[in-house]
């Protein structure tokens, strides 16, 4: 971690190509090296053909400004279509055409019919604004003890102070209970499997993230448990036969050469390659060049943190030139308070930071930086 910014992709130097050749060999015979059963993963050609039919995917990770976390976004008492409609209208005015949005297993478990109705309502709003959605089914970051019902107010001046993991630590810790989640993954995907408003399915956000803010509260073997669940999630998602691509994004460690178990799983099972990086454009370009070895479309599903050098002015032109999908973190600075940096968990803030960390607009829709919004519109529309 450097100045509060994780070195998500440290330079790994030149790696021998042996592992890439092995992975391609496995793909060529249609096998998953984890269980050696046939995989229905899209071929590289299928993935490239799908991507060629899309406009350049450029958008943002979205939660309405009135929600403190995924549960508050989707629960009946706090679902806020008016705010969603207003904010997605602002997003479309910037030129964005897609958003990445987090779901939660507890919402399905509580009332799947009502949950699906609200998801469908959300998709209708997004579609009116020309915004397609990448849904995220699981999340390995922040509070590991999610609970339905009224959510606590945000802790003042703290980044993502009430965001919750899915599934929670109790369920993740017990592999014998993982299969309970199959109904959720398959149910939500099957309902929208041929829905043109859904761009893609991102199965697990940073599944092995050991966030220090919750040190000691995560299972000690979280990485192995998360890899086990993700492997099953790929199987469940494949069985749902979606017309949209399935993916899970690498965020830490090497993507060539000697791979961690979870990175190998993500890179060999994803239909399209997704990754996260909040580093500067030069290092992101090197990462993209490495990921191009997999011969699949690439989408950067998290970027933009001003204080680490990940800015719209430097990143969007690069991503457009390389035909890499682009999802910044955040749209409107609201209850998640992601305009504050990660280090707000350990460093007191008494007022909004300068510069903002994430997010683009204030609550009334005015830009944090006029010049930045001008740059976004120019690159997207140019």
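The table below gives the values:
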| quantity | calculated |
| --- | --- |
| FRET E, pair residue 177, residue 320, Förster distance 56 Å, beta-carbon r, rounded to 0.05 | 0.80 |
| Relative packing of 334-347, 80-93, which averages over residues the other C-beta atoms within 10 Å, highest first | 334-347, 80-93 |
| Gain upon complete extension [residue 197, residue 261; 0.36 nm per residue less C-alpha separation] | 19.8 nm |
| The range 18-381: relative contact order in percent, alpha carbon pairs under 8 Å with at least 6 residues between | 20 |
| Difference of contour (0.36 nm per residue) and Cα-Cα distance, residue 155 to residue 221 | 20.9 nm |
| Scattering curve values for the range 51-148, log₁₀ I(q)/I(0), Debye with Cα scatterers, q = 0.21, 0.23 Å⁻¹ | -1.11, -1.28 |
| Ordering of 171-182, 243-254 by packing [mean C-beta count within 10 Å, highest first] | 243-254, 171-182 |
| Inter-label distance, nm, simple model (7 Å from Cα along the C-beta direction), residue 116/residue 78 | 2.5 |
| FRET efficiency estimate (nearest 0.05) - Cβ-Cβ, residue 93 to residue 369, R0 22 angstrom | 0.90 |
| The chain, Rg to Rh (Cα coordinates; Rh as Kirkwood inverse mean 1/r) | 0.93 |
| Highest-first arrangement of 277-288, 41-52, where packing means the average Cβ count within 10 Å | 277-288, 41-52 |
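All of the numbers you see were taken from the coordinates with simple rules; none came from a lab. Just so you know, these numbers come straight off a predicted model, no measurement behind them. Counting neighbours? That spans all protein chains shown, and the Cβs are built from the backbone with ideal geometry, glycine included.
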